[in-house]
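The values are calculated or read from the model by the stated rules, or taken from the named source; none is laboratory data. The structure presented is a predicted model; accordingly, all values stated were derived computationally and were not measured. Quick reminder, even Gly has a Cβ in these numbers, built from the backbone with ideal geometry, and neighbours come from all protein chains shown. Side chains included, ligands, DNA and RNA excluded: accessible areas come from the protein's heavy atoms. Shrake-Rupley method; radii C 1.70, N 1.55, O 1.52, S 1.80 Å.
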Amino acid sequence: MHRLIRRRAAVVILVLLGLLIVTAIAAPLMTPYSPTGIAAGDRFLPPSAAHFFGTDELGRDLFTRVLYGGRIALGIGAASTVIAMIVGVAWGFAAAMRRGWIDEILMRLADSAMAIPTILFALVLVAAFGASTINLAVIIGLLLAPVTARLARSAALDELKSEYVLAAVASGATSMRVLVSEVLPNTVPALLVLATLNAASAILAEASLSFVGLGVQPPDASWGTLLFQGYQRIYQSLWYPIFPGIVIFLMIWLLTLLADQLQSVLDPRGQESVRS
Amino acid sequence: MTVGAPGAALPTADTPTAMLDVRNLRVSFETRTGVVTPVRDISFRVAPGQRVGLVGESGSGKSLTALALMRLIHPPGRVGGQVLLNGRDVLQLGGRELAKLRGGQVAMIYQDPMSALNPVQTIGHQVVEGIRIHMNLGAREARDRAAMLLTDVGLRDPLRRMKSYPHEFSGGMRQRVMIAMAMSADPVLLIADEPTTALDVTTQALVLETLMRMVEERGSAVILITHDLGVAAGFCEDIQVMYAGRIVERAEASRLFRHPVHPYAEALLRSVCDLDVNIAAELPAIAGQPPLPSALPSGCAFHPRCPYALDICRTVEPAPLRIGAGDAMAECHLAEERVADAVASGDR
Amino acid sequence: MTSLAVDSLRPPVSVPAADALVVVEHLVKHYRTGRSQVVRAVDDVSFTIRRGQTFGLVGESGSGKSTVARTILRLHEPTSGRVIFDGVDLQALAPDALRRQRRSMQIVFQDPFASVNRRKTLSEIIASPMVFQGERDSHKIQARVSRLFDIVGLPQAYAHRHPHEISGGQCQRVGIARALALEPSFVILDEAVSSLDVSVRSQILNLLKELQRELGLTYMFVSHDLAIVRYMSDSVAVLYGGRIAEVGPREGLFERPRHPYTHALMGAVPVADPDRQRARKRVLTYETPGEAINLAGCRYAPRCPIGQSLDVCRTTDPALQGMGAHHLVACHFPQSAESIVAAAAAASHAQ
């Protein structure tokens, strides 16, 4: 962590991300308007001091809508990342520890899941189970799990090859012990990077689903929903879709940049060593 | 043995036979915690055809010295001083001249032959390529020369073997191929950086034998960098012992092994475990460990581990003391007395 | 080409059971690499290690020595063969029993930094065997860790440091402390000093010898460095191509080596004395490309100045035969130091 903070780029990214997250969480404090407050007379207003992002087709303040939308988007994003990590890591580690035919089965499952186009898969699941917030979080989490499993398995295999794991076995450690006490702590860096990238993918997935109308449903609105609604009414107000679009882009971009930073910090070759 | 004035300057470039004249070579790195100088103002000369050993442990700076000579140190590393090869300063050469120099007049072989050889090109291709870059030969002549070189290093049936890839060769053979490539343009100086460290001891013996023969036939000078005193003993005429970025002693090989002047050289020699070591006794060891370039002791870098350390050793860095008429020297406050003792005890 | 009279009629004196701590019987470890290719890393190795002694295992890369070490401890499963540790057949143990058995038999690895968990503190690293074996009493653990720090010569203040904050020699002391944590009777030292600086090596070797005396340990010392093996060991086995070429008490083996490979090894060890080094005679021939390990017959034949040109060496695997006093050689034509030099010279001329 300290190494990360030393990098100026990383600090900037973290601050911006923090800002986005905090403003979303503290939405009620940031704006006097209600996200569902209809004001028929103020439709499609351009940005102004009163309405930072302008208003939508029902006169609702878009800035407020975006803030509250952030709560949903980030909420689903966070929840699905957690689900993806828990399921994926358990899946990948189990395969790595067991090797043999269990490994084969688990990985073929992952491969098959990955072979199905993501959006298609998502559509089918949403159609089957409905698009409530919880469902969306679970569906997106499960979508991301197979890739997570693959990568977690890789990371675990790398550690399992090392001599300190052999040393642990030589001292009488059980497989579970080895996993928890030796492998997991050493894979945390790689998993952290993975989690960050998963978060980016999750937000994008949710935004995409909402954009095609299968994600968060009105009157709730995530950024994707707002983007969708704005896109439908783009001739009436150019401003409408721009801000949700920018925010989605920013969030994903910042998360990806953060993952990059984490990657460089955690790369052991980044350690400067002067040897003769 | 006579003793020169303490701190006397080394002979200047006007002195004949100094093919390589390294003056105040320094390598430093900028790190987050400050500037670290793993090679601290070292000077030495190499005569044509001379075989010099650079011996040291980790943190001594020996490998960085080799890289600095070939100008292979890149930022954030910085190199200072002069490296005069037949009068011209290598550190000041432009890009094209430098490219001509490397592999031509000055060649280098490394510890890990796999990283020096391109795994996707045949051995033949690489050797021939090396030849054609530095010599003006047509394809056929270059190939013939390559075959001759490979035979010289002990590869049987070279024309057929040239079609193989590096991974099809054993470590010892790859190392010998690297020697062939390095010698292909008849360099005046060969820098060998731990060439046998990664090899089995039996293979090592063969490779060193090959190397010796190749350099003797061509009259190339060699700087052999190694941590293994035994390897240096068998191969080098003169040996320089490095510690914490300085050359602490330089002497002709036989004299060094019989009467080391610098306490570190003495302790190092004693701590080597060879086949005649007394089993019943404890192995002589040097307490502590070699210092990191970022945390050098004050005064003489060896003083914390030196059994003879005086107060002055803690505060003042010793200056080089010339020993005898040649290049022999030692950097130690006690050098004069130790040399006198050696004379008294009947050294030649 | 001369050979020495072989004492094959007198079988080696067998070691009384109580004296033998580790008995290795016909240990074999083969690895499958791809389609029907087998690497015979260890190919029928047998020897006995007596209690309180140091057994040296010397060989170069590809000799199988590290595989022998790890297979003895069942860190790798042997393809066949038995290892009897203090009367217990390790192959017959169930996983839990094996784990408990590990308390008595430990190993120190070559690369001190790679063999410790870089995220743990030194204290945690040394404590881990106790934790793995189910010890819950943290006071007991701390006390033992403290004691181990003293035993191996590490300052108590280092307890909370991490491996990257200490030197190679110090880290190897951590490795040794960890190996001693469970009070084993047997410790395998797998190239334990090979990665250390020369000046630090002696410190660690001295420490190991002292620990052996004070704690009554039995060692198996695996190394490619013949001189160090000689210094440390009471008995030595020379491994080549997964098989034992020569084995015997230290003195006998080093003063009267018989196997051409042993001669080659001894002749190749560099001597830190220029005059003596230059006076040495060569006993080697160049490696035969790609044919270094001969699977039918004697493994060493392709490189052997004697065996390269003899049918019997190339076709028939030599069995271990006695040279007297527990000294065994696997060779059809054991050689003295003089005769091997002559043979090597003759072979070089022929090339």
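A compact table of results
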{"read-out": "Residues in segment C:185-228 that, when all protein chains are in place, have 40 Å² or more less accessible area than the chain alone would give (probe 1.4 Å)", "value": "C:197, C:198, C:199, C:202, C:203, C:206, C:227"}
{"read-out": "Shielding score for C:128-136, defined as the mean number of other chain Cβ atoms within 10 Å", "value": "4"}
{"read-out": "On Cα atoms only, tilt of C:122-132 relative to the major axis of chain C in degrees", "value": "90 degrees"}
{"read-out": "Bridge type composition, the protein assembly as shown - antiparallel percent by DSSP, nearest 5", "value": "60 percent"}
{"read-out": "Alpha-carbon centroid distance for the pair segment B:72-132 / segment A:71-113, whole angstrom", "value": "49 Å"}
{"read-out": "Three principal axis lengths of segment A:114-161 [C-alpha, angstrom, descending]", "value": "44, 22, 10"}
{"read-out": "Order by protection proxy (mean Cβ within 10 Å, highest first), peptides C:158-171, A:165-178, A:198-211", "value": "A:198-211, A:165-178, C:158-171"}
{"read-out": "Length-normalised contact order of chain A in % [C-alpha pairs under 8 Å, at least 6 apart]", "value": "23 percent"}
{"read-out": "Residue A:256 accessible area, 1.4 Å probe, all protein chains in place, Å² to nearest 10", "value": "60 Å²"}
{"read-out": "Student exercise, chain B dipole from Lys, Arg, Asp, Glu Cβ charges, in Debye to nearest 20", "value": "1140 debye"}
{"read-out": "Solvent-accessible area, 1.4 Å probe, carbon plus sulfur percent, for chain A", "value": "69 percent"}
{"read-out": "Overall form of segment C:112-168 per C-alpha gyration tensor (a/c, 1.5; a/b vs b/c)", "value": "oblate"}
{"read-out": "Separation of the residue A:115 and residue B:213 label points, Cα + 7 Å toward Cβ, nm", "value": "5.9 nm"}
{"read-out": "Prolate/oblate/rounded label for segment B:152-198 (Cα gyration tensor, a/c 1.5)", "value": "oblate"}
{"read-out": "On Cα atoms only, tilt of A:239-266 relative to the major axis of chain A in degrees", "value": "20 degrees"}
{"read-out": "Inter-site label distance for residue C:97 and residue C:311 at 7 Å from Cα along Cβ, in nm", "value": "5.1 nm"}
{"read-out": "Nearest-20 debye value, the protein assembly as shown charge dipole, Cβ charges on Lys, Arg, Asp, Glu", "value": "1200 debye"}
{"read-out": "Of the trypsin sites (Lys or Arg not before Pro) in segment B:152-223, those whose Cβ has at most 12 other Cβ within 10 Å and which sit in DSSP loop", "value": "B:156, B:163"}
{"read-out": "Size of charge dipole - segment B:65-190 - debye, nearest 20, with Cβ of Lys, Arg +1 and Asp, Glu -1, no other charges", "value": "160 debye"}
{"read-out": "Listed residues B:235, A:52 arranged by accessible area, highest first, probe 1.4 Å", "value": "A:52, B:235"}
{"read-out": "Cα-based shape type of the protein assembly as shown, given that a ≥ b ≥ c are square roots of the gyration tensor eigenvalues and the cut on a/c is 1.5", "value": "prolate"}
{"read-out": "Positive dipole terminus of chain C, leading residue within C:164, C:229, C:115 (C-beta point charges)", "value": "C:164"}
{"read-out": "FRET efficiency, residue C:280 to residue B:311 (Cβ-Cβ, R0 45 Å, nearest 0.05)", "value": "0.50"}
{"read-out": "In Å², nearest 10: area of residue B:258 left accessible to a 1.4 Å probe", "value": "100 Å²"}
{"read-out": "Cα-only Debye scattering, segment B:216-282: base-10 log of I(q)/I(0) at q = 0.21, 0.24 Å⁻¹", "value": "-0.93, -1.13"}
{"read-out": "Unit Cα scatterers, Debye sum, chain C: log10 I(q)/I(0) for q = 0.08 Å⁻¹", "value": "-0.43"}
{"read-out": "Taking segment C:79-173 and dividing mean pair separation by its residue count, relative contact order in percent (alpha carbons under 8 Å, at least six apart)", "value": "31 percent"}
{"read-out": "Accessible-area ranking of B:243, A:235, largest first, probe 1.4 Å", "value": "A:235, B:243"}
{"read-out": "Dimensions (Å) - segment B:25-121, Cα atoms, principal axes, largest first", "value": "41, 37, 29"}
{"read-out": "Residue-level accessible surface for residue C:326, protein heavy atoms, 1.4 Å, Å²", "value": "80 Å²"}
{"read-out": "FRET efficiency, residue B:31 to residue A:158 (Cβ-Cβ, R0 25 Å, nearest 0.05)", "value": "0.35"}
{"read-out": "Computed over chain B, the ratio Rg/Rh where both radii use C-alpha atoms and Rh is Kirkwood", "value": "0.99"}
{"read-out": "Against the rule of thumb 2.2 N^0.38 Å, how large the Cα Rg of segment A:66-182 comes out", "value": "1.29"}
{"read-out": "Approximate spin-label separation residue A:7-residue A:176, in nm, with each point projected 7 Å along Cα-to-Cβ", "value": "3.8 nm"}
{"read-out": "Viscosity 0.890 mPa s, temperature 25 °C, Stokes-Einstein D of chain A from Kirkwood C-alpha radius, µm²/s", "value": "119 µm²/s"}
{"read-out": "10 Å Cβ neighbours from other chains, averaged over peptide B:283-295", "value": "5"}
{"read-out": "Solvent-accessible ranking of A:260, B:238, largest area first, probe 1.4 Å", "value": "A:260, B:238"}
{"read-out": "Percentage relative contact order, segment A:174-276, counting C-alpha pairs under 8 Å, at least six apart", "value": "28 percent"}
{"read-out": "For segment A:117-202, fraction of C-alpha pairs farther apart than 20 Å, in %", "value": "49 percent"}
{"read-out": "Cα lying deepest toward the dipole's positive end in chain B, options B:244, B:116, B:66, charges on Cβ", "value": "B:116"}
{"read-out": "Rounded to 10°, Cα long-axis angle of helix C:337-350 versus longest principal axis of chain C", "value": "60 degrees"}
{"read-out": "Alpha carbon centroid spacing (whole Å) that separates segment C:146-221 from segment B:143-183", "value": "43 Å"}
{"read-out": "Cα centroid separation - segment A:185-250 against segment C:312-351, whole Å", "value": "77 Å"}
{"read-out": "Per-residue mean of C-beta atoms belonging to partner chains within 10 Å, peptide B:61-70", "value": "1"}
{"read-out": "Antiparallel bridges, percent of DSSP beta bridges restricted to chain B (to nearest 5)", "value": "60 percent"}
{"read-out": "Value of D in µm² per second that Stokes-Einstein yields for segment B:119-192, Kirkwood Rh from Cα pairs, at 25 °C (0.890 mPa s)", "value": "202 µm²/s"}
{"read-out": "Per residue value of the accessible surface for the protein assembly as shown (all protein chains in place, 1.4 Å probe), Å²", "value": "43 Å²"}
{"read-out": "Under 25 Å from residue C:29, Cα to Cα: lysines that are on another chain or at least 8 residues apart", "value": "A:161, C:65"}
{"read-out": "Dipole of chain C [Lys/Arg +1, Asp/Glu -1 at C-beta], most positive-end residue of C:151, C:348, C:253", "value": "C:151"}
{"read-out": "Burial of 30 Å² or greater, segment B:234-269 residues [accessible area, probe 1.4 Å, versus chain by itself]", "value": "B:234, B:254, B:257"}
